[in-house]
Amino acid sequence: METKLMKGNEALAEAAIQAGCDAYFGYPITPQSEVLEYLAREIPKYNTKEHIRVVLQAESEIASINMVYGAAGAGFRAMTSSSSPGISLMQEGISYIAGAELPCLIVNVNRAGPGLGTIQPGQGDYFQATKGGGHGDYKLIVLAPSSVQEMADFVFLGFDLADKYRNPVMILSDGAIGQMMEKVTFGNYTAHKTDKPWATTGKPPTRDRNYITSLHIQPEKLELSNLKLVEKYKEITKNEIRFEEVMTEDAEYIFVAYGLSARICHKAAIIARERGIKAGMFRPITLFPYPYKRLNELAEKVKLMLTVELNAGQMVEDVRLAVNGKVPVEFYGRLGGMIPTPEEIVTKLENLISYKNVN
Amino acid sequence: MSTEDITIEKTADLKISPENELHTCAMADSHEDEYTLVYEKPHTLLEVNMHYCPGCAHSLVHKLIMEAVEELNIQEDTIGVAPVGCAVFAYHYMNIDMQEAAHGRATAVATGIKRLLPDKYVFTYQGDGDLAAIGMAETIHAINRGENIMIVFINNAVYGMTSGQMAPTSLVGMKTTTSPFGRDPAVYGYPIKVSELIAQLPGAFYVSRHTVNKNTSVRKAKKAIINALNYQKLNKGTCFVEIIGNCPSNWKMTPIEANNFIDEVMVKTFPLGDIKLPKPEDLIPINQNGDK
Ligand SMILES: Cc1ncc(C[n+]2csc(CCOP(=O)(O)OP(=O)(O)O)c2C)c(N)n1
Ligand code: SF4
Ligand SMILES: [Mg+2]
């Protein structure tokens, strides 16, 4: 066990080394360039003759994600990281990776958009991360860290899940979690590395050739491949839903938030309790698969849910789907890289409560 | 190209008469049969019908690469990357491990493979739209990094797969479906001479341009492919073999007319031969420490 004070992005990079990441390909963009910088500096120290690890600054995010495709297709633990505009450029490659069922890790340190937007934190990429992003029917497993510790932990988890399901995993973080410093503890991680008999490592006479592709030109065959993916996503949904609940046992009002927003809502729930409002917080950790069922159960016991996001209202749609009209689901968002204070959120809740009481 | 999937069927064993002078390497001395076996397809090529149009250069170049792989005995150690273009199904024909890349990204995919499997032979196979339009950035940067891969560039001056649109290599005045009055340099510039362009980069180790429209040129093209694969062992940079292909279907020519068109017209814009050769001292392998 080793505890360090680290930046979120650096903790993530360190975890990648410890998780046995064989290859990192990336292109600089704020607020996540530390990942590439850290790995470029640190990985060479770990290289041995037997185990060469690769860190490469690509010419673009398009190249990065396609290098990940090649390395993952050859059976290696491969990853890339970027921030929103760069992740947009990767969408074609991500779609190919999902179609070819290649395990890999993609990190989005979300900044506010659209367009060049700003380098300040945002959560505007929720739809892109969870509803597809690229073309075609596919899903990423999406993990949303809300602390520096989770920036590290989810790298270990992410690589394992990617290998287990032969599916790309995205860590959807944000500019604040990526940039802030906190204590982080590294345990003794052992990779659940799986055999990859499908990888293109060179065809020995003992097996048929392996090929990696997402192309099935006959509709009958593509449909079968699509259905196989659908089955896999069902399996993932069955096994991998993760969330956190804070003071929900007796809560009458629940904040629903992920990542940075969840940290703020946690504090807001404490303040609300001090003011006599029975508040709690529900934090989805996996954004796909999404914890619809648990939210639906919670809706039985509460009066109102308030979804807080750094966007104009994206995850709130999933909360409403989950709750299915049982209780009102309200939304509070800040945009453009602005971050709400816990006070601001409590005030919003108080206003909603008094409005509801009056009407 | 027909969009029907290729069906994996056995083709009848080919026996070719000695009159056919293409590849006399496997001349058998048995005269028991009516025909003498003078040539066999490489065993590295799968026994399936190819989907290419009759007379298309793609099928021939596939065969040359697979012959080279067989002759060098590197089937186990070779990993190919297929493009998006008519050759998208290359992995259905080549009996080696392969990856199918997104349109234009083959050299990035190959970089990902080769960097992690530096002892393997890695190659990309790309058309002109793939390599020189949508994938030009990946092409130039992979070569600039001197990735130790072979790039086989099939320049047929059109987008074959999408039925004959203008390519970055379409000749001046060439009529395509998107330049119906002929390519006008005032609007679209001039055909890109990719080999000459990338030969400027220090990362390019060997650059050579060929055709496969007659027996003599087929042999030269194959030699270039063998060189390019062999040089990978040196770790000295990218080997680039450009083949002036044809596209009888979209050029609206018979295969013979198309092959003549290459000699009569294409080579004027794309002159054949070696564009960059390794220096003799470069051909001495260096070891890990850099000592000769
Ligand atoms: C991103 C993207 N854009 C466009 C296409 C459509 N497309 C498929 S092949 C092709 C051009 C292929 O031409 P070339 O690379 O010259 O190969 P050829 O068929 O001539 O061998 C295009 C534009 C695609 N598949 N993906
Ligand atoms: S002739 Fe043209 S369209 Fe037909 S397979 Fe060859 S490149 Fe494609
Ligand atoms: Mg072409």
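Points worth noting:
- Taking N as its residue count, the alpha carbon Rg of the stretch A:1-127 over 2.2 N^0.38 Å: 1.04
- With the simple model of a label 7 Å out from the Cα in the direction of the Cβ, B:Asn73 to A:Glu245 spans 6.7 nm.
- The HN-Hα couplings worked out from phi for the stretch A:164-179 by the Karplus form 6.51 cos²θ - 1.76 cosθ + 1.60 (θ = phi - 60°) are 4, 9, 6, 9, x, 10, 10, 9, 9, 9, 8, x, 6, 5, x, 8 Hz, whole numbers, x standing for Gly and Pro.
- Label-point separation, A:Lys232 to B:Glu281 (7 Å along Cα→Cβ), nm: 5.2 nm
- Mean ellipticity per residue at 222 nm, deg cm²/dmol - from DSSP H runs of n ≥ 4 across chain A, formula -39500 (n - 2.57): -13500 deg cm²/dmol
- The antiparallel fraction among DSSP beta bridges confined to the protein assembly as shown stands at about 25%.
- Counting DSSP beta bridges with both ends in the stretch B:152-292, the antiparallel % (nearest 5): 35 percent
- Mean silhouette area of the stretch A:232-359, derived from the convex hull of its C-alpha atoms and averaged over all directions, reads 7.8 nm².
- Residue-averaged 222 nm ellipticity for chain B, from DSSP H runs of 4+ at -39500 (n - 2.57), nearest 500: -7500 deg cm²/dmol
- Working note: Karplus 6.51/-1.76/1.60 with θ = phi - 60° gives the stretch A:20-34 the couplings x, 4, 8, 8, 10, 10, x, 9, x, 6, 6, x, 9, 4, 4 Hz, where Gly and Pro are set to x.
- Fraction of beta bridges assigned by DSSP in the stretch A:244-358 that are antiparallel (%, nearest 5): 20 percent
- Cα lying deepest toward the dipole's positive end in the stretch A:173-252, options A:Ile177, A:Val246, A:Leu227, charges on Cβ: A:Leu227
- For B:Lys223, the aspartates and glutamates whose Cα comes closer than 13 Å to its Cα, not counting residues fewer than 8 places off in the same chain, are B:Glu67, B:Glu71, B:Glu242, B:Asp274.
- Degrees, to the nearest 10: A:219-239 long Cα axis against longest axis of chain A: 50 degrees
- Over all distinct Cα-Cα pairs of the protein assembly as shown, the Kirkwood formula returns a hydrodynamic radius of 27.0 Å.
- Of the GluC sites (Glu not before Pro) found in the stretch A:298-351, the ones in coil according to DSSP and having at most 15 other Cβ atoms within 10 Å of their Cβ are A:Glu300.
- Averaged over the residues of A:197-208, the number of partner chain Cβ atoms lying within 10 Å of the residue Cβ comes to 5.
- In Å, descending, principal axis extents of the Cα set of chain A: 77, 50, 39
- A simple spin-label model places pseudo-atoms 7 Å from Cα toward Cβ; at A:Thr194 and A:Leu222 they are separated by 2.6 nm.
- Averaged over A:213-222, number of beta-carbon atoms from partner chains that fall within 10 Å: 3
- Shielding value for A:92-99 is 2, the average number of Cβ atoms from other chains within 10 Å of each residue's Cβ.
- Amide H contacts of A:Asp174 (H built 1.01 Å from N, under 5 Å, at least 5 apart or other chain): A:Asn110
- The B:Ala186 and B:Val265 beta-carbon pair, evaluated with R₀ = 30 Å, returns a calculated FRET efficiency of approximately 0.90.
- Computed from phi, the 3J(HN,Hα) profile of the stretch A:130-147 under the Karplus parametrisation 6.51, -1.76, 1.60 (θ = phi - 60°) reads 9, 10, x, x, x, 7, x, 8, 7, 9, 9, 7, 10, 10, 10, x, 10, 8 Hz, with x in place of Gly and Pro.
- When +1 charges are put on Lys and Arg Cβ atoms and -1 charges on Asp and Glu Cβ atoms, the dipole computed for the protein assembly as shown relative to its Cα centre reaches about 1240 debye.
- Estimated dipole of the stretch B:42-279 in Debye, rounded to 20 [Cβ of Lys and Arg +1, of Asp and Glu -1, Cα centre]: 560 debye
- Net charge over other residues, Cβ less than 10 angstrom from the Cβ of A:Ala58 (K, R count +1; D, E count -1): -2
- Listed residue pairs exceeding 24 Å between alpha carbons, taken from B:Lys193/B:Lys222; A:Lys131/A:Lys183; A:Lys7/A:Lys45; A:Lys45/A:Lys193; A:Lys139/A:Lys293; B:Lys41/B:Lys233: A:Lys131/A:Lys183; B:Lys41/B:Lys233
- The stretch A:159-201 residues near the modelled A:Leu5 label - backbone nitrogen below 15 Å, point 7 Å along Cα→Cβ: A:180-185
- With Cα atoms defining each centre, the stretch A:84-136 and the stretch B:266-286 are spaced 42 Å apart in the structure.
- Order by protection proxy (mean Cβ within 10 Å, highest first), peptides B:272-280, B:78-86: B:78-86, B:272-280
- Cα-based radius of gyration of chain B once divided by 2.2 N^0.38 Å, which approximates compact folds: 1.00
- Within straight-line cross-link reach of B:Lys120, aspartates and glutamates at Cα separation under 14 Å, skipping those fewer than 8 residues along the same chain: B:Glu76, B:Asp77, B:Asp97, B:Glu147
Rule-based calculations on the coordinates, nothing more; no lab input. These numbers come from a predicted model, not from an experiment. Cβ sites come from the backbone with ideal geometry, for glycine too, and all protein chains shown count toward neighbours.
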